[in-house]
Amino acid sequence: MARGRDAQESDNGGIDYEIIELLFFAYRDFISDPDAILEKRGFGRAHHRVVHFVDREPGMTVADLLDTLRITKQSLARVLKQLIDSGYIHQVAGPEDRRQRKLYTTREGKAFAHALAEPQSRRIAAALAKTGPDTRDTVKRFLSGMKTGSSGTDR
């Protein structure tokens, strides 16, 4: 006889191994397509995250990006330099404070960000199509709730 989730969790000290493993496997597969694209250009996941957020929020400052990614200046500096040198990101001094650097994707950077996001978007659409109507909002609430320090209402 099949046992329910509550019985399984109590046997495991309240740990939901099934969801943990599903998240591991979903993440592995979700990043596999972009990883292949990045590898061809000699880039890694840090490059992907930088291009993604700069493309999604044109004009964001380096400080904003550091806050979003929760990484050190040193980590960002290397990745950002590579993306600027490769022609994917352009930085502009701030209008009021010349020390402030605003970041923008170039035309090539936009195409790169789209190429990385497109297979992920297809994967999301396929998964949502299997789950029925109105699931997208539930998934968004769940993932928002998983973010550290989130009230569940973050984007």
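The values are calculated or read from the model by the stated rules, or taken from the named source; none is laboratory data. In this text the structure is predicted, and so the values were computed from the model without any measurement. Cβ sites come from the backbone with ideal geometry, for glycine too, and all protein chains shown count toward neighbours. With ligands, DNA and RNA removed, areas are computed over all heavy atoms of the protein, side chains included. Shrake-Rupley method; radii C 1.70, N 1.55, O 1.52, S 1.80 Å.
Can you say whether GLU96 is modelled with pLDDT of 95 or more, among the acidic types (Asp, Glu) and open to solvent by 70 Å² or more (accessible area, probe 1.4 Å), as far as the supplied structure shows?
no
If the requirement is being free of Cβ contacts under 8 Å to residues at least 24 places away in the same chain, part of a helix (DSSP H, G or I) and of a type in the set (A, V, I, L, M, F, W, C), which of these qualifies: LEU65, LEU23, LEU76, LEU83?
One residue alone meets the criteria, LEU23.
Pairs needed: first member in region 95-111, touching a residue at least 40 places away in the same chain (Cβ under 8 Å); second member anywhere, open to solvent by 50 Å² or more (accessible area, probe 1.4 Å); C-beta distance under 6 Å; at least 6 residues apart or different chains.
ARG101/GLN91; LYS102/VAL92; LEU103/GLN91; TYR104/PRO58; TYR104/HIS90
Any residue at all in region 130-138 that's open to solvent by 60 Å² or more (accessible area, probe 1.4 Å), assigned to a loop (DSSP other than H, G, I, E, B) and of a type in the set (D, E, K, R)?
yes
So for region 47-65 (the condition being hydrophobic (A, V, I, L, M, F, W, C), surrounded by fewer than 14 Cβ atoms within 10 Å (Cβ to Cβ), at pLDDT 95 or above and within 29 Å of VAL139 (Cα to Cα)), does at least one residue qualify?
The answer is no; no qualifying residue exists.
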